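**Student:** Just passing along the structure, written as structure tokens.
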Amino acid sequence: MPQDLPSTPKSTKMKYWRKPLDADKVKVPHGELHIIVNRCKGCLFCVEYCPRDVLQMSEDFNVKGYHYPEVKEDDACVNCQLCELLCPEFAIFCVEKEEEGGGENES
Amino acid sequence: MTKETTVTEETQEQAHPMDELLRMDRMPHIWCPTCGLGTVVTALAMALDKSGISLDDVAVVSGIGCTGRVAGYIKVDSFHTTHGRAIPFATGLHLANPKLKVIVVSGDGDLIAIGGNHFIHAARRNMDITVICVNNFIYAMTGGQVAPTTPLTANASTMPYGNFEPPFNIPYLADSCGASYVARWSSLHVRRMTTAFAEALAAPGFSLVEVVTPCSTLYARRNRLGTGLDLLKFYHDNCEIEHGADTRSLDIDFQSTIKLGKFIERRRPTFLESLDDWYGQVFGDKYEPYAGATSE
């Protein structure tokens, strides 16, 4: 069981203190995460620094014996690619998900 | 077992965008879990992509050490030189073919200790190369010996009671020797580091980007600082961004505030510009500007 997971509660939905004026026009991008499980060395960088708290550590092990990240909330990823940049093992990447049906807003 | 098979199938689905730039036959790399070096490689690849330089015109040179492995992992023309001699090799490469973008990626022990002499002279002559100095405060590959960048009081395997030698302030050293571009970022500040790499590549003359990187296995463990993730959290809470700061104020003390930013951006004639200018004055029309030693 992964014991040392970051325990700080983070809000999963972005909160605005005021609704942006162009909220109905802005299209929030969505990303699709690809995790190459067997490259991961369980450093937790992606889990800790994901601004939308999309990832969590798995309870399973990969072939190297490390816990690896898995997607917790599929829709929350906004394709910021910070996990892809931070990952020292080149094990995670993000591609923009094409979505039909116009802008989708949260707030 | 069934789980594992599905996992392998999943990995085959799509290749990582970095795979094109890495020598995949050498992966997985030898860097420890929570080491920041992989991040630096990604940032360098992004910067190369951003600056639009053809990968055929790029050469990566590195010395010995954990960071020295970068030259072996990145799929551009690269050379892994002897200890401390990355800059002289890069200087030769640059002078033989001035059109080549020569990038030196090496550690603090390699560039500042063993290669310290080469570092100051390349900066003094304003050789048109880009130097990325990955500073993990210790000689990591050889077992955590004290380096000339180890902060005062930090523990190292050859300083078991804490370090008493004052460390180098790398941006000040480069600035005082006349470098054209000097910046410092941590491996957490990925996007700013990428921008700094792109700027350093574009800047004519000697450009230095120091990247403060966690070493989990030796520096953090010996000093009871947790893992590399804890060091990243430390950088998150204790780094101050101060562009254009006086380089004399950039000392790093043990677990103190680290100042980051772009400190120096100045235009000085590079080595080849000075050479052409001076010989043009001395020999007049008889002098042909230097165009490299390689035949096209």
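The values are calculated or read from the model by the stated rules, or taken from the named source; none is laboratory data. Only a predicted model underlies this, so the values are computations on that prediction, with no experimental measurement involved. Note: ideal-geometry Cβ built from the backbone for every residue, glycine included; neighbour counts use all protein chains shown. Just the protein is used for accessible areas: all its heavy atoms, side chains included, with ligands, DNA and RNA removed. Shrake-Rupley method; radii C 1.70, N 1.55, O 1.52, S 1.80 Å.
**Student:** For the range B:99-136, what are the residues that are out of contact with any strand residue (DSSP E or B) (no Cβ under 6 Å at 6 or more places or on another chain) and open to solvent by 10 Å² or more (accessible area, probe 1.4 Å)?
**Tutor:** Answer for the range B:99-136, where residues must be out of contact with any strand residue (DSSP E or B) (no Cβ under 6 Å at 6 or more places or on another chain) and open to solvent by 10 Å² or more (accessible area, probe 1.4 Å): B:Lys99, B:Ala113, B:Ile114, B:Gly116, B:Asn117, B:His118, B:Ile120, B:His121, B:Arg124, B:Arg125, B:Asp128, B:Asn136.
**Student:** Now for a separate question. Quick one: in the range A:62-93, which of the residues that are out of contact with any Lys or Arg (no Cβ under 7 Å at 6 or more places or on another chain) and β-branched (Val, Ile, Thr) is most open to solvent (accessible area, probe 1.4 Å)?
**Tutor:** A:Val63
**Student:** Right, here's the next one. Which members of the range B:23-47 meet the condition of being at the interface with chain A (Cβ under 7 Å from one of its Cβ atoms) and either of a type in the set (S, T, N, Q) or surrounded by fewer than 22 Cβ atoms within 10 Å (Cβ to Cβ) (or both)?
**Tutor:** Of everything in the range B:23-47, those that are at the interface with chain A (Cβ under 7 Å from one of its Cβ atoms) and either of a type in the set (S, T, N, Q) or surrounded by fewer than 22 Cβ atoms within 10 Å (Cβ to Cβ) (or both) turn out to be B:Pro28, B:Pro33, B:Thr34, B:Thr39, B:Thr42.
**Student:** Let me ask another. Those residues that are among the hydroxyl-bearing types (Ser, Thr, Tyr) and within 11 Å of chain A (Cβ to nearest Cβ), I need them from the range B:211-241; list them, please. Break it down into steps so the answer makes sense when it comes.
**Tutor:** First, the residues of the range B:211-241 that are among the hydroxyl-bearing types (Ser, Thr, Tyr): B:213, B:216-217, B:219, B:227, B:235.
If the condition is that a residue be among the hydroxyl-bearing types (Ser, Thr, Tyr) and within 11 Å of chain A (Cβ to nearest Cβ), then B:Thr213, B:Ser216, B:Thr227 are the ones that fit.
**Student:** Need at least 1 residues that are of a type in the set (S, T, N, Q) per element, so show me which strands (runs of 3 or more DSSP E) inside the range A:13-96 make the cut, counting only ones lying wholly within it.
**Tutor:** Details: elements: A:31-35, A:55-61, A:67-71, A:92-96.
Because the criterion is at least 1 residues that are of a type in the set (S, T, N, Q), the strands (runs of 3 or more DSSP E) in the range A:13-96 that meet it are A:55-61.
**Student:** Now for a separate question. Quick check on this structure: which one of B:Val102, B:Val70 is touching a residue at least 40 places away in the same chain (Cβ under 8 Å) and either aromatic (Phe, Trp, Tyr) or within 24 Å of B:Met127 (Cβ to Cβ) (or both)?
**Tutor:** Checking each option against the conditions leaves just B:Val102.
**Student:** Based on what the data block shows, is A:Glu32 within 14 Å of A:Asn79 (Cβ to Cβ), within 10 Å of another protein chain (Cβ to nearest Cβ) and either modelled with pLDDT of 90 or more or open to solvent by 20 Å² or more (accessible area, probe 1.4 Å) (or both)?
**Tutor:** yes
**Student:** Any idea which of B:Leu173, B:Leu152 is under 20 Å from B:Lys262 (Cα atoms), open to solvent by 10 Å² or more (accessible area, probe 1.4 Å) and more than 14 Å from chain A (Cβ to nearest Cβ)? If you could, list the steps in order and put the result at the bottom.
**Tutor:** On the way: B:Leu152 fails: under 20 Å from B:Lys262 (Cα atoms).
The unique qualifying residue is B:Leu173.
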